[in-house]
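The values are calculated or read from the model by the stated rules, or taken from the named source; none is laboratory data. Please read all numbers here as calculations on a predicted model, not as lab measurements. All Cβ positions, even for glycine, are placed from backbone atoms using ideal geometry, and neighbour counts span all protein chains on display. Surface accessibility is based on the protein's heavy atoms, side chains included, excluding ligands, DNA and RNA. Shrake-Rupley method; radii C 1.70, N 1.55, O 1.52, S 1.80 Å.
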Amino acid sequence: MKPHFHKVPVTLQSSFSIRHDIKPDFGNIWHYHPELELHYVIKGEGVRFIGDNISNFIPDEMVLIGENLPHTWRCKDEYFQGNPDLNTEAMVIHFLPDCLGKYLLNLPEAYLIPKLFEKAKSGMVITGKAKDKLVDLMRKAVDATNLDRVIILLSILKTLAETDEYNTIVTSKNTFYQSNESETLRINKICNYTLSNYKKDITLDEVASLSNLSVTSFCRYFKLMTKKTFYDFLIEIRVSHACRFLIENKLPTEMICFDCGFNNVSNFYRHFKKVTGMTPLDYKRKYLN
């Protein structure tokens, strides 16, 4: 999937940006930028796309995204229905690798920071005590001024560089390329249509028609952009929604199977294990425990 370049707004008086956003949703444009991004979800649920990874996101999740790693957070359908009582909330920091000066990265005492930036290129879900400490620092950074902002950013980098409380998001070494505006609109149209209709049977004819391509051309195009077939993409979206339902523990597995667009239970079990590496029951036990 070719991502859209995003220009992160930073004032001339700031070396990095920090925002505390409260919005109806997180948008749905798959994009990238040269800045690293530390993203903490306070409110909101849905599916996030980072590189070639498709996973659920929930409140209290913190992710560090490396430079030029494509990403988007796509909220559940309820967030797009105009409900004024339903919104998202997040704190987001954007910073360039050399925002505090190129010499910092060459200091012997700072040798862990370039290593952190390299790890961030695969995306990192921050967990445990490190996440709690970072949440506190981000809240302070929102209101900090002058040198206090710089000191807090250094503390954030130190915490991220020294922690081993994280999970890597992207496991492949695929390279993601820049896109033009028409390609961005096309791939986001396909993505949004799939997310809105994953419960029903989606044919290649339907999505190819959305793209104004023949089925053969669409299959070639989609594989080139996403490094996976459209049906693999659709299955991963269905499994990600099934994962959320399993964790919520409100419906029996057989009902979840059909609610997520699988036409029979055996298919559901087979695809679920292929994507997650475990059975639905094992997955539920792991996360409920």
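Tabulated data
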| read-out | value |
| --- | --- |
| Rounded if a/c under 1.5, otherwise prolate or oblate - region 219-289, Cα gyration tensor axes | prolate |
| Accessible surface of the chain [probe 1.4 Å, protein heavy atoms]: carbon and sulfur percent | 53 |
| Region 98-152 shape via C-alpha gyration tensor axes, a/c threshold 1.5 | oblate |
| Shape category assigned to region 130-289 from the gyration tensor of Cα positions, a/c cut at 1.5 | oblate |
| Within a Gaussian network of the chain (alpha carbon springs, distance under 10 Å), most fluctuating of His241, His71, His20 | His20 |
| Contact order relative to length of region 208-289, as percent, for alpha carbon pairs under 8 angstrom and 6 or more apart | 22 |
| Structure-derived mean projected area of the Cα convex hull in nm²: which label, when the choices are (i) 26.3; (ii) 14.1; (iii) 16.3 | (iii) |
| 22 Å Cα-Cα threshold exceeded, pairs from Lys227/Lys274; Lys223/Lys274; Lys43/Lys200; Lys119/Lys189; Lys43/Lys133; Lys121/Lys273 | Lys43/Lys200; Lys119/Lys189; Lys121/Lys273 |
| Straight-distance crosslink candidates among aspartates and glutamates, where the alpha carbon sits under 15 Å from Lys102 and sequence neighbours closer than 8 are dropped | Glu35 |
| Where trypsin sites (Lys or Arg not before Pro) in DSSP loops with at most 11 other Cβ within 10 Å are excluded, longest remaining stretch of the chain | 8-172 |
| Top of Thr226, Thr279, Thr72 by mean-square fluctuation, Gaussian network on the chain, Cα under 10 Å | Thr279 |
| Inter-centroid distance (Cα atoms) of region 37-112 relative to region 272-289, Å | 25 |
